[in-house]
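Read the figures in this text as sums done on the coordinates, not as results from a lab. Since the model is a prediction, treat every value here as computed from it, not as a measurement. Here the Cβ positions follow ideal geometry from the backbone for every residue, glycine too, while neighbour counts run over all protein chains shown.
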Amino acid sequence: MKKLEMLYQGKAKKMYATDEPDVLWVEYMNQATAFNGEKKEQIAGKGSLNNRITAVLFDLLRARGVDSHFIRRISDTEQLVQKMDMFPLEIIMRNTAAGSFAKRYGVEEGTPLKKPILEFCVKSDDLGDPFINNDGLVALGIVTEDELAEISRIAYAVNDALTDVFSKIDVRLVDFKIEEGRTADGVILLADEITPDTCRLWDLKDGSGQIEHLDKDLFRRGLGSIIPAYEEIYGRLTALADEEQIDRAE
């Protein structure tokens, strides 16, 4: 397969066309950003780790019945994915109060939620990714009622699958952000990435109850290097994939 012109460059990835019209070539970058790009840094090894973590997570999710746009990993920093018509949404699932949610409602960080909370934000750096409710999504024509129902169903399925995955490697899945899109045939699928950039992951291994971040909050809050944490997540995930004899797409 041939890598053709670059179609898009975001904060963490570059997307290229290929000589197959329904396949894109994704390159993960070393750039780390926070606060809508106000904080930015190049961190050696980050792109490789996020590419490999996304690949193994999509494989683990597929084994749990959750399909995605992921085709296969082709190098340390690159993978092939199915071309999608992306919904301009950040789809957020919360299992534990943390971050902006805890601040917004005056809840102590780490408070377990009585049920998972699904939230939506319009994906727009210019607007600051504003929160929007279900009625607003439909009223503005961003999605139809049927699309919203399927997007939500997939988000809850991803949460169930990821919660199972991370519980098996002694990690609490606090919250996460995903994206979804439509294939050329109109099938809605999980897309983009799932990494410690897009999830809050707290280590449960020592059993102390203290919050030990294994995610981008280390960078966001200036708590230390993200690389050892991301390496730890990747190591535990690959051990789980080996234990479950997951067929790896790479």
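Which shape class applies to the chain: rounded if a/c is under 1.5, otherwise prolate when a/b exceeds b/c and oblate if not, where a ≥ b ≥ c are the square roots of the Cα gyration tensor eigenvalues? Intermediate values should be presented prior to the final figure.
Details: a/c = 1.35, a/b = 1.10, b/c = 1.23.
Because its axes are fairly even, with a/c under 1.5, the chain counts as rounded.
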About the Cα centre, and with charges only on the beta carbon of Lys, Arg (+1) and Asp, Glu (-1), how big is the dipole of the chain? Nearest 20 debye, please.
560
Derived scalar couplings ³J(HN,Hα) [segment 183-198; Karplus, 6.51 cos²θ - 1.76 cosθ + 1.60; whole Hz; x for Gly, Pro]
6, 4, 8, x, 7, 8, 9, 4, 9, 6, 9, 9, 8, x, 5, 10
Alpha carbon centre of segment 85-153 versus segment 178-222: separation in Å?
15
Just to check I understand the Karplus step: with θ = phi - 60° and J = 6.51 cos²θ - 1.76 cosθ + 1.60, what whole-Hz values come out for segment 62-68, glycine and proline as x?
4, 5, 9, x, 10, 7, 9
Would you grab the residues whose amide H sits under 5 Å from the one on D129? Only those 5+ places off in sequence or on another chain, please, with H modelled 1.01 Å from N.
S124
Pairwise label distance in nanometres, D185 with Q245, each label 7 Å out on the Cα-Cβ vector:
2.9
Report the normalised scattering of segment 3-82 as log10 I(q)/I(0) at q = 0.25 Å⁻¹, calculated by the Debye formula with identical scatterers on the alpha carbons.
-1.16
Given H placed 1.01 Å from N in the peptide plane, which residues other than close sequence neighbours of F70 have an amide H under 5 Å from its amide H?
Q82
With respect to the cross-link table entries K11/K168; K39/K123; K2/K40; K13/K168; K3/K39, which display a Cα-Cα separation exceeding 23 Å?
K11/K168; K2/K40; K13/K168; K3/K39
When the helix-only estimate is applied to the chain (DSSP H runs of n ≥ 4, each -39,500 (n - 2.57), divided by the residue count), what is the mean residue ellipticity at 222 nm, nearest 500 deg cm²/dmol?
-9500 deg cm²/dmol
May I ask you to derive the relative contact order of segment 3-82, considering only C-alpha pairs under 8 Å and at least 6 residues apart, and to give it as an integer percent?
25
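Give me the net charge of I91's neighbourhood, meaning all other residues with Cβ under 9 Å from the Cβ of I91; Lys, Arg count +1, Asp, Glu -1. Mind showing how you got there, number by number?
On the way: positive: K177; negative: E90, E119, E179, E180.
Combined, the nearby Lys, Arg, Asp and Glu give -3.
Give me the Kirkwood hydrodynamic radius of segment 85-225, using the inverse of the mean 1/r over all pairs of distinct Cα atoms, in Å to one decimal. Before the final figure, lay out each step's value.
Details: mean 1/r = 0.0620 Å⁻¹.
In segment 85-225 this quantity evaluates to 16.1 Å.
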In sequence order, what are the phi-derived ³J(HN,Hα) couplings for segment 236-250 according to the Karplus relation 6.51 cos²θ - 1.76 cosθ + 1.60 with θ = phi - 60°, rounded to whole Hz, with x for glycine and proline?
5, 5, 5, 5, 5, 4, 5, 4, 8, 6, 6, 6, 7, 8, 7
Relative contact order as a percentage, the chain, C-alpha pairs under 8 Å and 6+ apart, gives 19
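Quick one: what do you get for segment 24-131 if you divide its Cα Rg by 2.2 N^0.38 Å? Mind dumping the intermediate values first?
Values: Rg = 16.4 Å, N = 108, 2.2 N^0.38 = 13.0 Å.
Compared with the compact-globule rule of thumb, segment 24-131 sits at 1.26.
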